[in-house]
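A short worksheet on the structure shown next.
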Amino acid sequence: MKNFYWFKQIANNGKSENRLSLGEYKRAVSWSKYLVSSGAEIKGEGEEEWGADMSQLFIGNKFASGRHSRIYRGIYKQRDVAIKLISQPEEDENLASMLENQFISEVALLFRLRHPNIITFFAACKKAPVFCIITEYLAGGSLRKYLHHQEPHSVPLNLVLKLALDIARGMQYLHSQGILHRDLKSENLLLGEDMCVKVADFGISCLESQCGSTKGFTGTYRWMAPEMIKEKPHTKKVDVYSFGIVLWELLTALIPFDNMTPEQAAFAVSQKNARPPLPPACPMALSHLINKCWSRNPDKRPHFDKIVSLLKSYAESLERDPEFFSSFKPSSDHTFLLCFPKCIARHRSASIKA
Ligand SMILES: Nc1ncnc2c1ncn2[C@@H]1O[C@H](COP(=O)(O)OP(=O)(O)OP(=O)(O)O)[C@@H](O)[C@H]1O
């Protein structure tokens with residue numbers, strides 16, 4: 001009875017497409033029985049703050065999967081939510097304890113984050129071997145899915161800048177909180193209303209003061225900074241590298257290194273300093289920024305504060321003048337990012353005089 005109550009379908013006016021298939025229902029029940037049997041029991045560090053009130057949770061369809069998770073739509077306290085269920089495998093103790101640690105760390109980080117470009121966390125529940133994380137549901141799906149449906153090189157520049165600015169603002173906030181994301185990629189960027197992007201999936205994120213080695217992490221090589229591929233000590237700048245790759249994705253709508261396996265891409269990036277090819281039509285200002293972001297030397301990569309002010313000025317300039325990018329050429333020296341946005345103001349007054 002309790003199971004039935006907990007897994008009450010999302011009604012949606014009784015439309016059949018919102019019903020769980022028998023297989024999905026059985027799987028959901030099998031993963032959830034542990035949660036249900038614990039009721040709304042509150043245990044463990046911090047759980048009194050983030051522990052879900054199970055009587056308010058309704059699970060609907062499974063709509064996505066991660067490597068060790070299944071993501072369901074649902075309703076929590078009358079809000080549309082996504083429920084990530086993570087199940088520990090019985091047969092692999094190491095993986096089970098890694099997943100538990102990831103869950104604890106993801107919840108602890110999400111709990112303290114509040115920003116329009118970061119996914120909103122509502123609650124979580126923990127009853128080994130199943131854990132759940134309840135967040136706002138973002139109807140637009142992942143940025144990767146969106147790009148997959150676009151023709152290559154077809155996303156308009158004003159949209160590229162808007163999306164990039166949302167991501168950069170989310171990352172600027174994250175870094176201001178002393179947090180490294182470490183798995184920034186288009187799959188972990190979700191689209192909400194009005195094409196607003198939100199950063200999600202904090203499974204391998206860490207507080208800068210506590211980031212240990214990445215040994216054993218299965219991050220995503222195509223987006224991964226060379227120092228992280230080499231399992232060397234790393235800083236916030238690993239996210240700036242990944243942001244450079246995401247910016248390239250926005251401009252091309254392609255998957256980075258799609259002619260290589262992830263391992264080949266990792267080798268090419270870390271050993272041969274390979275990067276995805278910049279499209280010939282890429283505005284020089286953006287190729288300059290991307291090149292800075294994915295520099296081999298982390299110190300040469302700009303901070304998100306700089307990236308945000310740069311993208312904001314580009315977006316404003318493009319709105320005022322649709323030809324802005326064809327005339328604007330950033331200086332190739334390293335002072336460009338440092339003197340920005342004065343450089344743009346100087347450039348604009350020079351071109352007005354000319
Ligand atoms: N809140 C949400 N709203 C809409 N879609 C979501 C939401 N959360 C997750 N998704 C979808 O589910 C996919 C997987 O989610 P997520 O990355 O959080 O799972 P994961 O287990 O950490 O995956 P992996 O470890 O394999 O990267 C996302 O790429 C996205 O398509």
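Here, each number is a calculation from the coordinates, and none is a lab measurement. The structure presented is a predicted model; accordingly, all values stated were derived computationally and were not measured. Please note: Cβ atoms are built from the backbone with ideal geometry, for glycine as well, and neighbour counts cover all protein chains shown.
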*asked:* Can you divide the C-alpha Rg of the stretch 87-242 by 2.2 N^0.38 Å and report the result to two decimal places?
replied: 1.07
*With θ set to phi - 60° and the Karplus curve 6.51 cos²θ - 1.76 cosθ + 1.60, what are the ³J(HN,Hα) couplings of the stretch 86-98 in order, to the nearest whole Hz, using x for Gly and Pro?*
10, 10, 7, x, 5, 8, 10, 5, 5, 5, 4, 6, 5
*Starting with the highest mean, order 271-283, 198-210 by the number of other Cβ atoms within 10 Å, averaged over the residues of each peptide.*
198-210, 271-283
*Scattering profile of the stretch 222-324 at q = 0.14, 0.20 Å⁻¹ [log10 I(q)/I(0), Debye over alpha-carbon scatterers]*: -0.55, -1.03
*Which of the peptides 238-250, 143-155, 111-123 is most tightly packed, and how do the rest follow, going by the mean number of other Cβ atoms within 10 Å of each residue?*
238-250, 111-123, 143-155
*Could the peptides 178-187, 63-72 be put in order, highest first, of the mean number of other beta-carbon atoms found within 10 Å of their residues?*
178-187, 63-72
_Taking a ≥ b ≥ c as the square roots of the Cα gyration tensor eigenvalues, with a/c under 1.5 meaning rounded and otherwise prolate when a/b beats b/c, else oblate, which class fits the stretch 174-216?_
oblate
*asked:* I want to verify the translational diffusion coefficient of the stretch 177-284 in µm²/s; compute it with Stokes-Einstein, Rh as the Kirkwood radius over Cα pairs, at 37 °C and 0.692 mPa s.
replied: 223 µm²/s
